[in-house]
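Working notes for the structure below.
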Amino acid sequence: MKTLTIKLRQSVDRSYPIFLGQGIFGRLVRDLKEKPLGRKYAVISDRRVMGLYGEKLLAELCMQGIDACAFYFAEGEASKRAAVWLGVSQGMLEQGFERGDCVIALGGGVVGDLAGFVAATFMRGIPWLQVPTSLLAMADASIGGKVAIDLASGKNLLGAFWQPGAVYIDLDLLKTLPSAHRLNGMAEMVKSGLVRDPELFALLERNGREMLAGNTSRLQQAMMRSLWVKARVVEKDEREISGERKILNYGHTIGHGLEAVSGYRLLHGFAVALGMRAAARIAREMGILSERDRSRQNKLLDRLGFPQTLPRKMSRKILSGSGQTRLLKLILKDKKARAGSVEMVLLCGIGRVQKHRGQWTVPVDEQMLRLGLEEISG
């Protein structure tokens, strides 16, 4: 037998800017005019955002002589599926898109995930830009290059790492965001403070309610810190190779399971907040987290307005009998599970994650999982 080795060493610079502020939505068109990323642009969005901002963006692109067309779908997690991904990709082919063209993701986390996955897979990968319109997407989902669609067996199981060319975060776009979705995004900012930035956590304790009420200057200050946390972690571990990027999944192992078994009626941020409460209970029971810090986390979630438990009707369906069995199976199938053992991100203090044998996750058995679910049972 003879062997030939193909030596591949990556030296590609995938750095990109994040523009954060007010009134910068128009900057995108100017930038594309000065430094084009493609011959033509696919603006991918959902119906609601398309009506609010997409038509305006298309008009401005057209006024500058930039070739663009829109592809949009129904709002909500249910659209983040293979049929929609294939439909958008086929539509782009029919409109003559080629490898040198570009995707613009205009919308919340669902749009960013799906549009990014289209960009990652169309013609084996084309450039794309993120223009998040929800607090959840601005604070977390638009940063880091994780793109995916859901499968029947779980959330984000078909995906890729595909970094955008730039992210444009215009806080003015939050003016049309419903209050529940504003709170939804705050969960990821709380998470960033809990895993890496105690000053961000303290800032949310002091001013979080003002941010939810529309204080943009306070929100920008906190969001910059939240973006800094994610950016620094992604720089160290872009593809979760060293494992440090896993800390950004705090609250998500149980949260993703709750989303799936609720049929995605439970908003992502609300599910993550419940997942953080459950994780803190587990960490406390395992002797990792002090009662003082567990209480401090939960008091902030309470102050911001996150529910302490699942709604009673949903709780009975999800957390009892066959519902809980299904939920536990989903958690064991999560991307963060290994060989049937659940590996969870657990806190050892505000701003500090517990390490186990050099890893950023801790093995959690089924008994502890059940205790965590007990914490959020309504």
Single match in G251, G255, G243 (criterion: small (G, A, S) and either without any contact (Cβ under 8 Å) to a residue 40 or more places away in the chain or within 23 Å of G21 (Cα to Cα) (or both)) | G255
Filtered residues of the range 150-197 (kept if within 29 Å of L57 (Cβ to Cβ) and assigned to a strand (DSSP E or B)) = D150, K155, N156, L158, G159, A160, F161, V167, Y168, I169, D170
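Name the residue, out of V49, V29, that is assigned to a helix (DSSP H, G or I), in contact with an Asp or Glu (Cβ under 6 Å, 6 or more places away or on another chain) and either assigned by TED's automatic domain parsing to the domain that holds W128 or modelled with pLDDT under 95 (or both). Spell out the reasoning first.
On the way: V49 fails: in contact with an Asp or Glu (Cβ under 6 Å, 6 or more places away or on another chain).
Result: V29 is the single residue among V49, V29 that is assigned to a helix (DSSP H, G or I), in contact with an Asp or Glu (Cβ under 6 Å, 6 or more places away or on another chain) and either assigned by TED's automatic domain parsing to the domain that holds W128 or modelled with pLDDT under 95 (or both).
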Within the range 86-112, considering residues that are closer than 19 Å to Y168 by Cβ and touching a Lys or Arg at 6+ places or on another chain (Cβ under 6 Å), the one surrounded by the fewest Cβ atoms within 10 Å (Cβ to Cβ) | D101
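May I ask you to list the residues in the range 1-26 that are part of a strand (DSSP E or B) and of a type in the set (V, I, T)? Steps first, answer last, please.
Let us first name the residues in the range 1-26 that are part of a strand (DSSP E or B), namely 18-21.
Across the range 1-26, the qualifying residue is only I18.
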Among what's in the range 263-291 and is part of a loop (DSSP other than H, G, I, E, B) and of a type in the set (G, A, S), pick the residue that is surrounded by the most Cβ atoms within 10 Å (Cβ to Cβ).
-> S290
So, in the range 210-241, of the ones that are surrounded by 13 or more Cβ atoms within 10 Å (Cβ to Cβ) and hydroxyl-bearing (S, T, Y), which residue ends up farthest from the chain's Cα centre (by Cα)?
-> T216
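Can you say whether I247 is in a helix (DSSP H, G or I), among the aliphatic types (A, V, I, L, M) and within 19 Å of the chain's Cα centre (by Cα), as far as the supplied structure shows? Let's see the steps before the verdict.
Values: in a helix (DSSP H, G or I): yes; among the aliphatic types (A, V, I, L, M): yes; within 19 Å of the chain's Cα centre (by Cα): yes.
Considered against the rule, which asks whether it is in a helix (DSSP H, G or I), among the aliphatic types (A, V, I, L, M) and within 19 Å of the chain's Cα centre (by Cα), I247 comes out as yes.
Of all residues in the range 133-190, which are among the polar types (S, T, N, Q), farther than 16 Å from L304 by Cβ and surrounded by 18 or more Cβ atoms within 10 Å (Cβ to Cβ)? Reasoning before the result, please.
Initially, the range 133-190 is screened for residues among the polar types (S, T, N, Q), giving 133-134, 142, 153, 156, 163, 176, 179, 184.
Cutting the leftovers down to farther than 16 Å from L304 by Cβ gives us 133-134, 142, 153, 156, 163, 176.
Passing the criteria: T133, S134, S142, N156, Q163.
Of the residues A83, A78, A59, which single one is at pLDDT below 95, surrounded by fewer than 18 Cβ atoms within 10 Å (Cβ to Cβ) and assigned to a helix (DSSP H, G or I)?
Numbers: A83 fails: at pLDDT below 95; A59 fails: at pLDDT below 95.
From the options A83, A78, A59, the qualifying one is A78.
The values are calculated or read from the model by the stated rules, or taken from the named source; none is laboratory data. All values derive from a computational prediction rather than experimental measurement. Note: ideal-geometry Cβ built from the backbone for every residue, glycine included; neighbour counts use all protein chains shown.
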